[in-house]
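Have a look at the structure below before the remarks.
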Amino acid sequence: MGSAHMNDRERLTVAFFYCRNIPESGETERQALEKEYGPSIRLFPIPCSGRLDPVHLLSALEKFADAAYLIACPEGACRYFEGNRRAGKRVERTKEMIAMIGLEPERLGMVINTKKRPKGLGVITAEILERVKSLAPSPVLKNSRVEEEKPL
Amino acid sequence: MITAEQKPLDEIREMIAPYKRILVLGCGSCVAECAAGGEKETGMLASILRMAAKMEGREVLINEKTLERQCVKDFVILLDDIIQDYDALLSLGCGAGVQAVGDCFPEIPIIPALNTEFLGETKDQGLWLENCLGCGDCKLYHFGGICPLARCSKHLLNGPCGGSVGGKCEINPEIPCAWQLIIDRVEQQGGFERLEGIFPPKDWSKKQGLGPRRIIREDQQR
Ligand code: SF4
Ligand code: SF4
């Protein structure tokens with residue numbers, strides 16, 4: 001079962017905001033992924049990555065996530081023209097903001113799908129989970145985690 | 001509109017440090033248009049400040065609310081019912097908004113989260129330009145609708161200075177020479193004679209000299 005790997009996954013919760021145009025990102029696929037990963041992922045479909053308000057990334061970090069990622073369509077493939085490019089700039093700015101309070105900027109990110117043979121949602125989420133697995137649990141959530149752990 | 005930019009986070013954090021119950025107050029008008037103090041920016045700042053407090057293990061209540069305008073009392077009184085829950089206000093209004101809210105609740109310290117910059121226009125997405133100094137005696141007609149006080153680096157009323165190169169200002173080559181713009185515009189409108197006289201030195205008494213200005217309109221009063 002590769003238990004070390006499972007522990008890594010269980011340690012962190014990652015929020016994914018993804019553009020609905022990403023392949024294999026329908027309702028059934030979403031449910032299957034949630035079942036597979038359990039509480040270590042939270043999936044939020046959005047109509048276009050350009051619609052993502054950085055406040056959503058921040059509230060994910062504030063409330064439950066150790067990392068929050070935006071998954072966007074390839075450059076030039078955005079249905080709403082330039083949504084993904086603008087989103088990229090906003091994510092960069094939001095990373096700078098969290099860095100100013102001492103959070104690792106890697107807790108936020110944006111992944112742009114490949115143009116040739118675009119990947120499905122499951123593949124991209126797995127890649128991102130791999131990328132963030134070396135992060136420590138978020139210091140923002142440490143106190144709430146302690147509270148949650150008390151009853152045990 | 002009035003433009004502003006958010007202060008450095010460290011400066012804001014230092015100012016709010018003594019307080020335990022903070023209301024982060026946005027303004028939905030000018031500063032929302034320039035993406036400095038609207039609902040979104042207010043939400044982001046509040047969220048960042050809450051995270052910072054959690055990381056330090058500090059118990060601080062930080063809530064957010066955005067008024068349609070902070071500089072109009074009719075909107076500020078909407079805080080009457082909640083203000084007693086807080087020991088400080090962090091305002092993302094312009095300097096006028098900060099003071100208007102502060103005057104309504106003199107017992108509570110109010111902290112500016114923005115640096116108020118200038119009166120200007122939204123030129124493009126993400127680009128704001130200063131174009132009026134609020135001089136109190138508008139002469140735009142004479143200058144083809146382009147203000148030499150706000151847009152000429154030397155504030156010349158009888159320009160150009162002779163230093164502009166390729167239509168750019170000699171003080172700051174990143175900006176267009178206001179006098180080039182004025183002459184082009186006036187020429188386009190066929191009103192060149194408007195520029196032929198000598199404009200007397202600006203009478204600044206309409207802007208400053210008697211302290212802060214007031215506008216009184218009896219027809220608008222209660
Ligand atoms: S307080 Fe008034 S003047 Fe200032 S930004 Fe808000 S609406 Fe504009
Ligand atoms: S002359 Fe210039 S500074 Fe004075 S009111 Fe008109 S635009 Fe504003």
- [ ] Being in contact with a strand residue (DSSP E or B) (Cβ under 7 Å, 6 or more places away or on another chain) and either within 12 Å of another protein chain (Cβ to nearest Cβ) or among the polar types (S, T, N, Q) (or both) is the filter here, so list the residues in segment B:13-40 that pass it.
- [x] B:Gly26, B:Gly38, B:Glu39
Open item on the list: Take B:Leu129 and tell me if it is away from chain A (no Cβ under 14 Å), within 16 Å of ligand 2 (Cβ to nearest atom) and of a type in the set (A, V, I, L, M).
Closed with: yes
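Residue-by-condition table, conditions (1) of a type outside the set (Gly, Ala, Ser); (2) closer than 20 Å to A:Asp53 by Cβ; (3) open to solvent by 30 Å² or more (accessible area, probe 1.4 Å):
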{"position": "B:Glu14", "(1), (2), (3)": "yes, no, yes"}
{"position": "B:Leu23", "(1), (2), (3)": "yes, no, no"}
{"position": "B:Ala35", "(1), (2), (3)": "no, yes, yes"}
{"position": "B:Val76", "(1), (2), (3)": "yes, no, no"}
Open item on the list: Condition check: charged (D, E, K, R) and over 19 Å from B:Phe118 (Cα atoms). Does B:Lys206 satisfy that?
Closed with: no
Open item on the list: I'm trying to understand the selection: among the residues of segment A:45-64, which are within 25 Å of A:Pro118 (Cβ to Cβ) and touching a Lys or Arg at 6+ places or on another chain (Cβ under 8 Å)?
Closed with: A:Pro45, A:Ile46, A:Pro47, A:Cys48, A:Gly50, A:Leu52, A:Asp53, A:Pro54, A:Ala60
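Take segment B:120-150 and flag every residue that is part of a strand (DSSP E or B) and touching a residue at least 40 places away in the same chain (Cβ under 8 Å).
Kept after step one, since they are part of a strand (DSSP E or B), are these residues of segment B:120-150: B:120-124, B:127-132.
Within segment B:120-150, B:Gly120, B:Glu121, B:Thr122, B:Trp128, B:Glu130 meet the criteria.
Test B:Gln70 against the criterion of being more than 18 Å from B:Leu49 (Cβ to Cβ), of a type outside the set (Ser, Thr, Tyr) and open to solvent by less than 20 Å² (accessible area, probe 1.4 Å), and give yes or no.
Numbers: more than 18 Å from B:Leu49 (Cβ to Cβ): yes; of a type outside the set (Ser, Thr, Tyr): yes; open to solvent by less than 20 Å² (accessible area, probe 1.4 Å): yes.
When the stated conditions are applied, B:Gln70 passes them.
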- [ ] For segment B:172-222, enumerate the residues that are surrounded by fewer than 10 Cβ atoms within 10 Å (Cβ to Cβ) and of a type in the set (Asp, Glu).
- [x] B:Glu174, B:Glu193, B:Glu196, B:Glu218, B:Asp219
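In segment A:10-46, how many are over 24 Å from A:Glu106 (Cβ atoms), open to solvent by less than 50 Å² (accessible area, probe 1.4 Å) and not in a helix (DSSP H, G or I)? Steps first, please.
Of segment A:10-46, the ones over 24 Å from A:Glu106 (Cβ atoms) are A:20-21, A:23-24, A:26-32, A:35.
Subsequent filtering for residues that are open to solvent by less than 50 Å² (accessible area, probe 1.4 Å) retains A:23, A:26, A:30.
Still in the running and not in a helix (DSSP H, G or I): A:23, A:26.
Final tally of qualifying residues: 2.
Can you tell me which residue within segment B:96-108, out of those that are in a loop (DSSP other than H, G, I, E, B) and surrounded by 16 or more Cβ atoms within 10 Å (Cβ to Cβ), is farthest from ligand 1 (Cβ to nearest atom)?
Here is the first cut: in segment B:96-108, the residues in a loop (DSSP other than H, G, I, E, B) are B:105-108.
Pick out the ones that are also surrounded by 16 or more Cβ atoms within 10 Å (Cβ to Cβ) and you get B:105, B:108.
Details: B:Phe105: 15, B:Ile108: 17 Å.
Ranking the qualifying residues of segment B:96-108, first place goes to B:Ile108.
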- [ ] Taking B:Glu59 as meeting all but one of (1) open to solvent by 70 Å² or more (accessible area, probe 1.4 Å); (2) assigned to a helix (DSSP H, G or I); (3) among the charged types (D, E, K, R), write down the number of the exception.
- [x] (2)
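Is it the case, given these coordinates, that B:Gly162 is more than 30 Å from B:Gln188 (Cβ to Cβ), away from ligand 2 (no atom under 16 Å from the Cβ), surrounded by fewer than 18 Cβ atoms within 10 Å (Cβ to Cβ) and not hydroxyl-bearing (Ser, Thr, Tyr)?
Details: more than 30 Å from B:Gln188 (Cβ to Cβ): no; away from ligand 2 (no atom under 16 Å from the Cβ): yes; surrounded by fewer than 18 Cβ atoms within 10 Å (Cβ to Cβ): yes; not hydroxyl-bearing (Ser, Thr, Tyr): yes.
Spelling it out, it is not the case that B:Gly162 is more than 30 Å from B:Gln188 (Cβ to Cβ), away from ligand 2 (no atom under 16 Å from the Cβ), surrounded by fewer than 18 Cβ atoms within 10 Å (Cβ to Cβ) and not hydroxyl-bearing (Ser, Thr, Tyr).
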TODO: Take segment B:53-99 and flag every residue that is under 23 Å from the mean Cα position of the chain (by Cα), within 14 Å of another protein chain (Cβ to nearest Cβ) and polar (S, T, N, Q).
DONE: B:Thr66
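The values are calculated or read from the model by the stated rules, or taken from the named source; none is laboratory data. Nothing here was measured: the structure is a model prediction, and the numbers come from that model. Backbone-built Cβ (ideal geometry, glycine too); neighbour counts: all protein chains shown. Calculation scope for accessible area: heavy atoms of the full protein, side chains included, ligands and nucleic acids excluded. Shrake-Rupley method; radii C 1.70, N 1.55, O 1.52, S 1.80 Å.
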